[in-house]
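Below is one structure; the comments refer to it alone.
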Amino acid sequence: MIPVSSRASKIEYAIRDVVVPATKLESEGHKIIKLNIGDPIAYPGLPTPKHMIDAYKNALTDGKNGYSPSYGIPDLRSAIAKDEVRKGWDCKADDVYVCHGVTEALQIIFAATLEEGTKVLAPGPHYPPYMAYPQMFGAETIEYSLKSDDGWAIDLDDIENKMDDSVRLLVLVNPNNPTGNVTTAEEIDSVLKIVKKWPNCMIIADEIYDGLDFTNKHVSIASRSSDVPVFALNGVSKVYYAPGWRIGYLAMHDPTEVMLDVRDGIERLLRSRLCASTPAQIGYLAGLEQDRSWMVEYASKVKRRRNLCLKRIAEIKGLEVEAPGGAFYIFVRLTDEKWANDDKAFVLQLLEEEKVLVVHGSGFSPRKGNGHIRIVYLADEDTLNIAFNRIESFLARHRLNNN
């Protein structure tokens, strides 16, 4: 047997791994209620806006389907820079690099900044690639705590205690996936104050959900920094409802010009992989430059579905939750003794018995996510009610069987 590389064999991606048993059930004729993946297009009533689709289609029709510049189409880079300026910091078009989604942006950043013996500090629980990717470059991801009993707020003392000279990147996901927490300006300022003490450390500001903030407290992390370097990450997948287009970007905020060598490395890596999809970039450009009033209706619809979930969870014995402030995830605590330390068994048995698919919290952090499940609340309200009815029935049945 030809051996697989150790880096590949160790990678897990819980959000999609749970699809494997669901697909088997579907092949047997079962219909699954899927609340596992943050894909807005998978749910009714949240289509990609027509003017963006038209721009994408017209690009194909007009023959704008060849290679584009490695750093992104100039007009798109300018439009993204203007959008970041609107968020409060001095972003230039040359600071913006268009990628195959935020996931490629992460790979590029990690490849340009990490080596053997270096570290990434990421929130626990966290989006799985923050654990999977750094190890490919000989680095290690260390989790800092989010306070599960305080709205998943950042544990600043834990960050302070875990910082050292080997930490190259500190990750802030705002709003957070999977918890939905929105980090306040005060918290960001406190994190920046800590990072400032370590001159080789940069911040990754993952703000892909910034247009889905129900607290009105969200601020750009780069806008708060006058000295700490920041990678601002965003894209078309979530707030513009076009995840399959795979267009995202990294924007470099380097107020004291300490990332010149890093920038050179990033540009070399981007040139070596040619470019992101040209017609998809043109579709994103239409989203940035044309009418955005549709976003209000979409966000309102998502918020109503969030509120329904909070209401249902409050009524179900065996579930507790810290209300999410943004994104479209709800990170639910399992309080029944049978499931509190075996969330993956809960997910697999719920799928088998009730045909409802969610994600085990331990897939986002074996220790800090254990005893939780992540639910995507983008489904229509009737579907969400059916799903919660089944979850309630499942919990009650297993509670009864334990007595």
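For the reader, a short list of remarks on this structure follows.
- Relative contact order, percent, the chain [alpha-carbon distance under 8 Å, six or more residues apart]: 23 percent
- Dipole size of the chain about its Cα centre, with +1 on Lys/Arg Cβ and -1 on Asp/Glu Cβ: approximately 940 debye, rounded to the nearest 20.
- Dipole magnitude (debye, nearest 20) for segment 65-173, charges at Cβ of Lys, Arg, Asp, Glu: 520 debye
- Per-peptide average of other Cβ atoms within 10 Å, ordering 304-317, 321-334, 343-356 highest first: 321-334, 343-356, 304-317
- P(r), alpha carbons of the chain - 20 Å bins starting at zero, rounded %: 27, 58, 15, 0
- Fewest-first ordering of Trp152, Trp294 by other beta carbons within 10 Å of each residue's beta carbon gives Trp294, Trp152.
- Label-to-label distance, Glu352 versus Glu257, with points set 7 angstrom from Cα along the beta-carbon direction: 6.3 nm.
- For peptides 233-244, 377-388, sequence by mean Cβ density within 10 Å, most packed first: 233-244, 377-388
- Farthest toward the positive end of the dipole of the chain, out of Ile221, Ile154, Gln349, is the Cα of Gln349, where the dipole comes from beta carbon charges about the Cα centre.
- Rounded to 10°, Cα long-axis angle of helix 50-61 versus longest principal axis of the chain: 60 degrees
- Where both bridge residues fall in the chain, DSSP classifies roughly 55% of the beta bridges as antiparallel.
- In order along segment 32-43, phi translates into HN-Hα couplings of 9, 7, 9, 10, 10, 10, x, 10, x, 6, 6, 10 Hz, rounded to whole numbers, per the Karplus curve 6.51 cos²θ - 1.76 cosθ + 1.60 with θ = phi - 60° and x for Gly and Pro.
- As a rough guide to protection, the peptides 185-195, 359-369 ranked by mean Cβ packing within 10 Å, highest first, stand as 359-369, 185-195.
- The gain in end-to-end length when the Asp380 to Asp157 segment is fully stretched comes to 76.3 nm, 0.36 nm per residue minus the alpha carbon separation.
- Farthest toward the positive end of the dipole of segment 50-289, out of Pro134, Ala286, Ala251, is the Cα of Ala286, where the dipole comes from beta carbon charges about the Cα centre.
- Annotation: amide H of Gly88 has no partner in the under-5 Å range at sequence separation 5 or more or interchain, hydrogens built in the peptide plane.
- Segment 50-289 shape via C-alpha gyration tensor axes, a/c threshold 1.5: prolate
- Each residue of segment 336-343 is assigned a 3J(HN,Hα), and the resulting list reads 5, 4, 4, 10, 4, 10, 8, 5 Hz, derived from the Karplus form 6.51 cos²θ - 1.76 cosθ + 1.60 (θ = phi - 60°), x at Gly and Pro.
- Cα extents of segment 16-126 along the three principal axes, largest first (Å): 52, 49, 30
- Helix 294-315 and the longest principal axis of the C-alpha atoms of the chain enclose an angle of approximately 30°.
- Remark: relative contact order (segment 50-289) = 29 percent; criterion is Cα-Cα distance under 8 angstrom and separation of 6 or more residues.
- Distances between placed amide hydrogens fall under 5 Å for Val359 paired with Arg374, all partners being 5 or more residues away or on another chain.
- Euclidean distance of C-alpha centroids, segment 39-53 and segment 151-229, integer Å: 30 Å
- Helix 278-289 axis, angle to the chain major axis (alpha carbon atoms, nearest 10°): 90 degrees
- Charge dipole (debye, nearest 20) of segment 50-289; +1 at Cβ of Lys and Arg, -1 at Cβ of Asp and Glu: 860 debye
- Sorted from longest to shortest, the spans of the Cα atoms of segment 182-251 along the three principal axes equal 39, 27, 13 Å.
- Annotation: amide H of Met202 within the under-5 Å range of Leu169, Leu170, sequence separation 5 or more or interchain, hydrogens built in the peptide plane.
- Cα-projected label distance for Lys301 with Asn402, points at 7 Å along beta-carbon direction, nm: 3.8 nm
- Unsatisfied cross-links (Cα-Cα over 27 Å) in the set Lys193/Lys301; Lys217/Lys368; Lys24/Lys57; Lys193/Lys368; Lys338/Lys368: Lys193/Lys301; Lys24/Lys57
- For segment 200-216, backbone phi angles converted through the Karplus equation (6.51, -1.76, 1.60; θ = phi - 60°) give residue-by-residue couplings of 8, 9, 10, 9, 9, 9, 7, 10, 5, 9, 5, x, 10, 10, 9, 9, 6 Hz, Gly and Pro being listed as x.
A short reminder: the numbers here are calculations on the coordinates, not readings from a lab. Remember, predicted model here, so these are calculated numbers, not experimental data. In this analysis, Cβ positions are derived from the backbone assuming ideal geometry, glycine residues included, and neighbour counts consider all displayed protein chains.
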